[in-house]
Amino acid sequence: MPDPFAALRDRPRVALATLPTPLERAPRLSAELGVEIWLKRDDVGSLGLMGNKVRKLEFTLGEALARGAVTVVTLGAPQSNHARATACAAAKVGLHAVLVMGGEQPAGPPTGNLLLDALFGAELLYAGTDDWAQLAATVEAATEDRVNAYPLPAGGSSPVGALGFAAAYAELLGQLSSEDVRPQRVYHASTSGGTHAGLMLGHALAGGGPAAFGFDVGRIVPDGPALTAWLANEAGALLGADVTLTEHDAHLDLSQLGDGYGAFTDAGIEAIDLLARTEGVALDPVYSAKGMAGLIADARAGHIDGPVVFWHTGGGPSLFAAGWGERLLPGA
Ligand SMILES: Cc1ncc(COP(=O)(O)O)c(C=O)c1O
């Protein structure tokens, strides 16, 4: 049977991540929740403390280099994992990174992801606003100002970036087959949609396998399901694949949003505590903890029948951001 993922090999790509990332059983968490849980560890890897963004950057920076770019321009909140991963990957391949940051420059020395951005030599531009549309306009202007600059949207979620998660889906299928485990669902945190779109595309290309269940942690786009379906279809078109997905194919759950992007939730803080104490695995409060909180809620509600995978998308460096420790462990 022909390989449905073969066209991915024709795309420009730079090797950045240590792949495959581990797929591990989580026995103590499984016993706690009464469901069989596997962890797909994208938080583990060599490049700049890893995370899901590295997979997208393999394809986006591959394209940037193929086009002769010398600079890459992107955006994010100050503790953005995507901005940090971009800064790191750019350093590795010899590109200059310009990071358009939301808000004002935080007072004091850089901490968490901002410390890493500085270490990786990125140029930071504070936009003075948190409005995502204005940040995107600043990226556009900075791209035009520079010679041979390649722009990346929020979270690296362009159709090219989403290819990273179609490739990741193929990687997961290979590991599931070696382990002889057949989960129905893959749980993960979602924001800019590229992870979910890539997994949806991978599922469509494979013609089966576990479905992606994303928990929106920020609602930074008004219509997540429509954007995600568009990203998946455009990414499929890049591969010459005959794939037509609609917003009804996206499983994006808003139940873990809380007060929106960057707001910690009690369920997220409980998820951090539970995974740390049962498996020795760290989650971050903005993204991965809300994804795990969604899985925990589904397990407790009896919505999970059979094994499931939690895709750990990374984010750990933000735990070391100034002031976050006190918010996670008040009084400690
Ligand atoms: C740790 C982490 N998990 C999940 C996500 C969400 O991924 P996506 O933007 O592809 O929806 C992000 C995005 O920044 C992230 O940093």
Please work out which residue is farthest from L75 (Cα to Cα), limiting yourself to segment 145-176 and to residues that are away from the ligand (no atom under 16 Å from the Cβ) and among the hydrophobic types (A, V, I, L, M, F, W, C). L176
For segment 200-244, give me each residue that is part of a helix (DSSP H, G or I), touching a strand residue (DSSP E or B) at 6+ places or on another chain (Cβ under 9 Å) and without any contact (Cβ under 8 Å) to a residue 60 or more places away in the chain. M200, H203, G224, P225, T228
Is it the case, given these coordinates, that L33 is more than 14 Å from the ligand (Cβ to nearest atom), in contact with a helix residue (DSSP H, G or I) (Cβ under 8 Å, 6 or more places away or on another chain) and open to solvent by less than 10 Å² (accessible area, probe 1.4 Å)? no
How about segment 102-140: which of its residues are open to solvent by 50 Å² or more (accessible area, probe 1.4 Å), among the aliphatic types (A, V, I, L, M) and out of contact with any Pro (no Cβ under 8 Å at 6 or more places or on another chain)? A107, L119, L124, L125, A133, A137
Restricting segment 184-201 to residues that are open to solvent by 10 Å² or more (accessible area, probe 1.4 Å) and either away from the ligand (no atom under 11 Å from the Cβ) or more than 19 Å from S80 (Cβ to Cβ) (or both), the residue that is nearest to the chain's Cα centre (by Cα): M200
Mind listing just one residue for me: the one in segment 288-308 that is open to solvent by less than 40 Å² (accessible area, probe 1.4 Å) and not in a helix (DSSP H, G or I) and, of those, farthest from the ligand (Cβ to nearest atom)? G306
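The values are calculated or read from the model by the stated rules, or taken from the named source; none is laboratory data. Only a predicted model underlies this, so the values are computations on that prediction, with no experimental measurement involved. Don't worry about glycine lacking a Cβ; one is built from the backbone with ideal geometry, like all the others, and counts go over all protein chains shown. With ligands, DNA and RNA removed, areas are computed over all heavy atoms of the protein, side chains included. Shrake-Rupley method; radii C 1.70, N 1.55, O 1.52, S 1.80 Å.
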